[in-house]
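Take a look at the structure below.
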Amino acid sequence: MNNQKDSILVVGAGIGGLVAAIYLAAQGRNVTVLEGHSWPGGKIRTTQSAVGPVDAGPTVLTLRAVLDDVFHAAGTRLDDHLTLVPLPVLARHFWTDGTRLDLTPCIDQNARAIAGAFGARAEQEYRSFSEQTAAVYQAFRDPVMFAPRPNALAAACAALSRPVTLPWLRPGLSLDRMLQARFSTPHLRQLFGRYATYVGGNPLQAPAVLALIWQAEGAGVWAVEGGMARLAQVLADVLIRLGGTLRLNCPVRAVATTHGTLSGVHLANGETLAGAQIIFNGDPAALPALLGQRAGAPKPQQITPRSLSADVWTFSANVGGRGLGRGALAYHNVFFADDPRQEFGPLAQGLRPANPTIYMCAQDRASGLPDGPERFQLIMNAPPLDAGQPKGNDTCPTDPFARLARFGLHLTPANVTTTHPQDFAALFPHSQGALYGLSPNGAFATFQRPQARTTLAGLYLAGGGVHPGAGVPMAALSGQHAARAAMADRTSAPMSHQTAITGGMSTG
Ligand SMILES: Cc1cc2nc3c(=O)[nH]c(=O)nc-3n(C[C@H](O)[C@H](O)[C@H](O)COP(=O)(O)OP(=O)(O)OC[C@H]3O[C@@H](n4cnc5c(N)ncnc54)[C@H](O)[C@@H]3O)c2cc1C
């Protein structure tokens with residue numbers, strides 16, 4: 001072992017790991033981030049094209065205040081490092097019957113667009129949906145989303161003081177059933193149901209409360225000038241400026257303990273690094289393999305069932321002049337499946353739908369219409385692997401280009417890279433290709449995810465599979481929680497005499 005006994009090791013340079021490391025380095029801790037891949041950012045990654053790197057992971061930022069806080073903690077400002085472009089159109093939605101709808105951050109503008117597309121009743125239904133989900137968001141924001149541990153009692157009290165929220169919290173009520181009752185227009189049921197997939201859920205099974213995701217999106221969406229990978233690189237640079245160390249191509253093979261006390265990590269290259277505290281940013285489902293028979297791994301119900309995976313295409317292309325034409329696309333576009341039941345029914349059974357919704361990011365359109373070829377990402381929801389394999393009778397993914405042509409969008413793609421559930425499983429070990437950790441479909445999933453502290457003293461978790469869940473801002477918050485827990489424990493217990501943390505995963 002080397003002599004870094006008092007240092008803190010962060011395993012994984014995903015957003016959760018980078019943010020945790022920044023908070024710790026800003027407090028003067030000696031932090032080393034160990035990343036298995038050759039890039040910082042984890043799921044924030046790119047593929048190559050003739051037009052430049054194409055975002056192959058997240059493409060937009062929501063809840064930007066969370067990242068503003070990270071930069072502030074590091075003694076700097078986000079705007080000094082990155083240009084965030086607020087998107088005037090959150091998403092442009094297309095249906096095969098020719099209907100189109102833009103949603104924006106302005107409720108009144110959306111209401112007018114909905115009235116124009118679907119009539120006055122739909123407008124009223126949208127206004128009441130927005131009002132009710134805003135109340136749900138307010139009730140859950142502090143006691144659940146921003147709290148280090150979700151506080152069910154505080155959330156219940158906050159909900160009781162806002163009676164419009166109560167129907168949304170009914171146990172066993174799916175998002176789909178709630179939307180059936182709230183919207184007479186099938187298009188809007190389909191549109192708002194799709195938000196469950198933003199955290200890997202299926203609207204037929206996910207709890208109605210996930211409708212609050214619309215509120216996070218409605219509060220504003222930003223593109224990062226230069227692509228999302230810039231965010232990860234800038235966070236890595238900030239960490240290094242604070243004195244932290246980032247080692248890429250450095251997979252961790254096992255967590256080391258000495259007489260039951262955490263003592264460091266063993267790297268795949270045979271090296272052993274000492275560390276009195278470790279923050280693990282990989283999928284919590286990987287912990288049993290890193291820990292062997294020792295304490296610290298999550299319980300099965302904290303990691304299974306798995307969330308959705310995806311089939312992702314990244315490429316450059318020219319948009320054909322016929323059909324929809326070049327001017328038709330926004331930055332963020334959704335081409336809906338003909339029938340959401342034919343999409344989410346198979347997904348619920350672990351199968352790919354024949355006719356899926358396609359999400360499209362036209363990365364070069366954040367600040368206007370580009371000339372010539374441009375960069376695209378297409379995402380179609382797919383099931384995670386079943387015990388490490390695609391389900392026996394699962395089919396190949398639908399050809400997205402043929403499907404887009406049915407909407408009148410004709411692309412001539414070049415430099416196409418695909419990432420399927422098997423590829424995600426290989427990129428993110430033990431994830432089974434699930435992109436968001438534990439499935440959010442269960443009524444109590446929000447309260448079941450692992451939290452920052454584990455049952456092994458000194459071992460902490462951060463990332464999208466940890467409370468408060470997936471998405472860049474949520475994973476960043478989990479990094480903040482892990483850093484705070486590590487700092488608090490270090491102050492309260494001398495590192496040379498670590499004591500077991502009582503209460504297991506749910507300990508605050
Ligand atoms: C296609 C796609 C689109 C998305 N779109 C959006 C979006 O638009 N907006 C949004 O907010 N979110 C989006 N998300 C979700 C978001 O990307 C994730 O929730 C978030 O980035 C996860 O961050 P994380 O902290 O969990 O780390 P991850 O990104 O999961 O990274 C974990 C890191 O840990 C490393 N690691 C794991 N084990 C080891 C080990 N043993 N040794 C060394 N290193 C290890 C991995 O190599 C990896 O780099 C999207 C995700 C995908 C896949």
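The values are calculated or read from the model by the stated rules, or taken from the named source; none is laboratory data. Model, not experiment: these values are computed from the prediction. Here Cβ is always computed from backbone atoms with ideal geometry, including for glycine, and neighbour counts include all displayed protein chains.
Sort out which residues of segment 53-87 are in contact with an Asp or Glu (Cβ under 9 Å, 6 or more places away or on another chain) and either assigned to a loop (DSSP other than H, G, I, E, B) or within 12 Å of the ligand (Cβ to nearest atom) (or both), and write them in order of number.
60, 62, 77, 81, 82, 83
On the basis of being charged (D, E, K, R) and assigned to a helix (DSSP H, G or I), does residue 92 make the cut?
It is false that residue 92 is charged (D, E, K, R) and assigned to a helix (DSSP H, G or I).
Any residue in segment 378-387 that is surrounded by 20 or more Cβ atoms within 10 Å (Cβ to Cβ), of a type in the set (A, V, I, L, M), closer than 30 Å to residue 258 by Cβ and within 16 Å of the ligand (Cβ to nearest atom)?
no
Looking at segment 447-473 only, could you name the residues that are outside any loop (DSSP other than H, G, I, E, B) and aliphatic (A, V, I, L, M)?
Correct list: 459, 461, 472.
Within the set of pairs 6+ apart or on separate chains, which have a first residue in segment 280-292 that is more than 9 Å from the ligand (Cβ to nearest atom), a second that is polar (S, T, N, Q), and C-beta atoms under 7 Å apart?
284/302; 285/431
Given the criterion part of a helix (DSSP H, G or I), small (Gly, Ala, Ser) and modelled with pLDDT of 95 or more, identify the matching residue among 181, 147.
Selected residue: 181, the only one of 181, 147 that is part of a helix (DSSP H, G or I), small (Gly, Ala, Ser) and modelled with pLDDT of 95 or more.
Out of curiosity, is residue 170 closer than 21 Å to residue 444 by Cα, among the charged types (D, E, K, R) and modelled with pLDDT of 95 or more?
Here the answer is no, as residue 170 does not meet what is asked.
Is there a residue in segment 409-424 that is in contact with a Pro (Cβ under 8 Å, 6 or more places away or on another chain), at pLDDT 95 or above and part of a loop (DSSP other than H, G, I, E, B)?
yes
Looking at residue 183, is it out of contact with any Pro (no Cβ under 9 Å at 6 or more places or on another chain) and either among the aromatic types (Phe, Trp, Tyr) or more than 16 Å from the ligand (Cβ to nearest atom) (or both)?
Spelling it out, residue 183 is indeed out of contact with any Pro (no Cβ under 9 Å at 6 or more places or on another chain) and either among the aromatic types (Phe, Trp, Tyr) or more than 16 Å from the ligand (Cβ to nearest atom) (or both).
Checking residue 193 against (1) crowded, with 20+ Cβ neighbours inside 10 Å; (2) free of Cβ contacts under 8 Å to residues at least 40 places away in the same chain: exactly one of these is not met. Which one?
Going through the list (1) crowded, with 20+ Cβ neighbours inside 10 Å; (2) free of Cβ contacts under 8 Å to residues at least 40 places away in the same chain, residue 193 breaks only (2).
Is segment 443-460 home to any residue that is under 16 Å from the mean Cα position of the chain (by Cα) and surrounded by fewer than 24 Cβ atoms within 10 Å (Cβ to Cβ)?
Within segment 443-460 (the criterion being under 16 Å from the mean Cα position of the chain (by Cα) and surrounded by fewer than 24 Cβ atoms within 10 Å (Cβ to Cβ)), the answer is yes, since at least one residue qualifies.
Looking at residue 64, is it free of Cβ contacts under 8 Å to residues at least 24 places away in the same chain, of a type in the set (Lys, Arg) and surrounded by fewer than 20 Cβ atoms within 10 Å (Cβ to Cβ)?
Answer is no for this residue.
Scan segment 196-217 residue by residue and report those that are out of contact with any strand residue (DSSP E or B) (no Cβ under 7 Å at 6 or more places or on another chain), surrounded by fewer than 23 Cβ atoms within 10 Å (Cβ to Cβ) and under 16 Å from residue 340 (Cα atoms).
198
Tell me, please, whether a residue that is modelled with pLDDT of 95 or more, surrounded by fewer than 24 Cβ atoms within 10 Å (Cβ to Cβ), in a loop (DSSP other than H, G, I, E, B) and over 19 Å from the mean Cα position of the chain (by Cα) can be found in segment 4-22.
No, segment 4-22 contains no residue that is modelled with pLDDT of 95 or more, surrounded by fewer than 24 Cβ atoms within 10 Å (Cβ to Cβ), in a loop (DSSP other than H, G, I, E, B) and over 19 Å from the mean Cα position of the chain (by Cα).
Take the residues in segment 23-52 that are near the ligand (Cβ under 10 Å from one of its atoms) and surrounded by 24 or more Cβ atoms within 10 Å (Cβ to Cβ); name whichever of them is farthest from residue 426 (Cα to Cα).
The extreme case among them is 33.
Between residues in segment 343-366 that are in contact (Cβ under 8 Å) with a residue 60 or more places away in the chain and residues that are hydroxyl-bearing (Ser, Thr, Tyr) and crowded, with 18+ Cβ neighbours inside 10 Å, which pairs lie under 6 Å by C-beta distance while being six or more apart or on different chains?
Between residues of segment 343-366 that are in contact (Cβ under 8 Å) with a residue 60 or more places away in the chain and residues that are hydroxyl-bearing (Ser, Thr, Tyr) and crowded, with 18+ Cβ neighbours inside 10 Å, the close pairs are 361/59; 366/331.
Which residues, counting only those in segment 298-351, are assigned to a strand (DSSP E or B) and among the charged types (D, E, K, R)?
306, 311
Tell me, which strands (runs of 3 or more DSSP E) lie completely within segment 235-293 with 2 or more residues that are over 16 Å from residue 33 (Cβ atoms)?
252-258, 261-267
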